[in-house]
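Before any comments, here is the structure.
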Amino acid sequence: MTEFYRQTQQNPDKAQALRQAMLTTIKQHPDPRDWAAFTLIGEAS
């Protein structure tokens with residue numbers, strides 16, 4: 001979640017911010033249980 005909020009400061013598009021946060025987290029923690037549960041609900045931008 002910390003990385004998601006960091007990404008939203010750089011990119012207001014929440015869907016893109018979540019994608020970038022997931023890609024960053026995957027590099028550090030490749031196990032899907034560490035990143036796969038996060039979903040975006042509501043408007044993406």
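Read-outs: derived from the displayed coordinates by stated rules, not from any lab. Computed from a predicted structure; not experimentally measured.
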Residue separation between Leu40 and Met1 times 0.36 nm, minus their alpha-carbon distance, gives in nm 12.9 nm
If one compares the long axis through the Cα atoms of helix 14-28 with the longest principal axis of the Cα atoms of the chain, the angle in degrees, nearest 10, works out at 20 degrees
Looks like the chain, by Cα gyration tensor root eigenvalues a ≥ b ≥ c and the a/c under 1.5 rounded cutoff (else prolate when a/b is bigger than b/c, oblate otherwise), is oblate
